[in-house]
Amino acid sequence: MKILVTGVAGFIGSHVTKALCEEGHQVVGLDSLNDYYSPKLKQDRLNELDVWDGFRFVQMDLVEQERLFSLFTQEQFDQVIHLAAQAGVRHSISHPMDYVQSNLLGFMHILEACRHHSIGHLVYASSSSVYGDQEQMPFHEAMNTDHPFSLYAATKKSNEVLAHSYSHLFGMAMTGLRFFTVYGPWGRPDMAPWKFTEAILTGRPIQVYNQGQMLRDFTYIDDIVRGIVEVAKRPPRANPTPYTLYNIGNNRPVPLMDFIRCIEKAAGKNAQIEWLAMQPGDVLATYADIDALEKATGVKPRVQIEEGIGHFVDWFVQYHQLHRDKRRAAAPAEASRA
């Protein structure tokens with residue numbers, strides 16, 4: 001099967017692509033390699049994928065509709081896994097147009113490309129952010145999501161509504177996945193696991209909001225990838241519309257301070273904490289009801305927080321040590337050329 005993965009140089013996209021290549025699929029990976037965070041990290045993820053003969057990378061921004069349509073015409077994809085998006089709740093407050101371009105216009109271009117090229121199944125990334133600050137726990141897919149707390153969440157809710165309309169109008173098989181706080185090796189520098197680990201290891205204070213009184217349904221990357229891959233194999237049937245939504249999380253929310261203690265244990269150092277007020281756009285808790293996903297695919301989360309954080313911290317140390325070693329090795333050669 002030939003599959004397009006958008007956001008291939010991203011955290012989740014690179015892991016999903018590796019899993020698809022391991023299953024023997026041909027994967028074309030698309031990414032703009034923007035500078036929201038280090039393009040070097042994105043390139044390093046792509047370098048990890050170069051070992052697969054069935055993988056090919058295309059650098060492209062989804063707003064380039066003509067190029068995107070040409071790619072679809074040339075490649076004749078069987079499926080699309082759309083993970084490209086402008087991420088970050090807080091960034092959306094200061095840079096709203098980034099989200100309009102990537103998450104709204106870019107998503108519309110994906111829908112139109114899938115419509116006009118008879119794509120068998122579109123799997124796309126939504127977010128637990130669409131739930132806002134719900135009092136009822138856990139969050140389940142039938143809950144009202146009409147009151148997002150951030151522009152980022154609003155764009156993800158818009159994706160769900162647009163996808164449903166296209167599925168209804170044109171009979172397109174689509175599955176939306178509401179991700180719950182994904183973490184693990186090759187994670188994003190703007191997320192808490194990276195920021196906290198880096199600060200703790202270097203002796204700098206971490207910023208903790210709302211006195212740490214928050215819950216998050218942290219979900220390890222391997223569990224997310226298994227869910228995506230299994231969902232992609234199961235296009236929804238028309239009933240009456242071939243469209244469905246799943247939560248994809250851990251179903252075990254963790255208090256933020258327990259999460260920090262896991263990092264301290266894995267890093268072997270205590271955190272210095274700077275206490276801050278609750279931030280605009282944040283919510284107090286996330287908690288995924290994953291019964292629907294488990295019933296449809298049999299996928300259950302396997303990795304608990306202590307194990308997952310241990311894997312992340314080990315990777316973080318190795319990744320940064322590798323690059324420090326490369327810089328040290330390069331320094332004498334650069335000096336000799338001077």
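The values are calculated or read from the model by the stated rules, or taken from the named source; none is laboratory data. Bear in mind that the values here come from a model prediction, so they are computed numbers and not experimental data. Cβ sites come from the backbone with ideal geometry, for glycine too, and all protein chains shown count toward neighbours. For accessibility, only protein heavy atoms count, side chains too; no ligands or nucleic acids. Shrake-Rupley method; radii C 1.70, N 1.55, O 1.52, S 1.80 Å.
What is the antiparallel percent of DSSP beta bridges lying wholly in the chain, to the nearest 5? Counting only bridges with both partners in the chain, antiparallel ones make up about 5 percent. Using heavy atoms of the protein chains and a probe of 1.4 Å, the accessible area assigned to residue 226 is about 60 Å². Residues whose amide H lies under 5 Å from that of residue 173, counting only those 5 or more places away or on a different chain, are 122; hydrogens are built 1.01 Å from N in the peptide plane.
Here the chain exposes an accessible surface that is 51 percent carbon and sulfur, computed with a 1.4 Å probe and the other protein chains kept in place.
A probe of 1.4 angstrom, applied to the heavy atoms of all protein chains, finds residue 191 with accessible area near 40 square angstrom. With both residues required to sit in the stretch 205-292, DSSP beta bridges show an antiparallel share near 25%.
Just to be sure I follow: if Rg is taken over the C-alpha atoms of the chain and Rh is the Kirkwood radius over the same atoms, what is Rg/Rh? All intermediate terms of the calculation are to be shown ahead of the outcome.
Details: Rg = 20.1 Å, Rh = 20.8 Å.
Radius of gyration relative to Kirkwood radius: 0.97.
Here, P(r) means the percent of Cα pairs in each 5 Å bin from 0 to the largest distance; for the stretch 118-220 it is 2, 10, 16, 19, 18, 14, 10, 6, 3, 2, 1, 0. Just check the stretch 1-132 against the gyration tensor rule for me: Cα atoms, a ≥ b ≥ c as the square roots of the eigenvalues, rounded for a/c under 1.5, and otherwise prolate or oblate depending on whether a/b exceeds b/c. Oblate is the answer for the stretch 1-132, as a/c is 1.5 or above yet b/c matches or exceeds a/b.
In Å², what does the accessible area per residue of the chain work out to with a 1.4 Å probe?
Working: 15450 Å² over 338 residues.
Per-residue value: 46 Å².
Please state the relative contact order of the chain as a whole percent: Cα pairs under 8 Å, 6+ residues apart? List each step's numbers first, then the result.
Numbers: 610 pairs, mean separation 58.1, N = 338.
With pairs under 8 Å counted, the relative contact order is 17 percent.
Listed peptides 200-209, 257-266, 121-130, 54-63 appear in the order 121-130, 257-266, 54-63, 200-209 once ranked by packing, highest mean of other Cβ atoms within 10 Å at the front. Under 5 Å between amide hydrogens, built in the peptide plane, is the criterion, and for residue 285 it picks out 215 among residues at least 5 positions away or on other chains.
For the peptides 217-224, 156-163, the ranking by packing is 217-224, 156-163, with the highest mean count of neighbouring Cβ atoms within 10 Å listed first.
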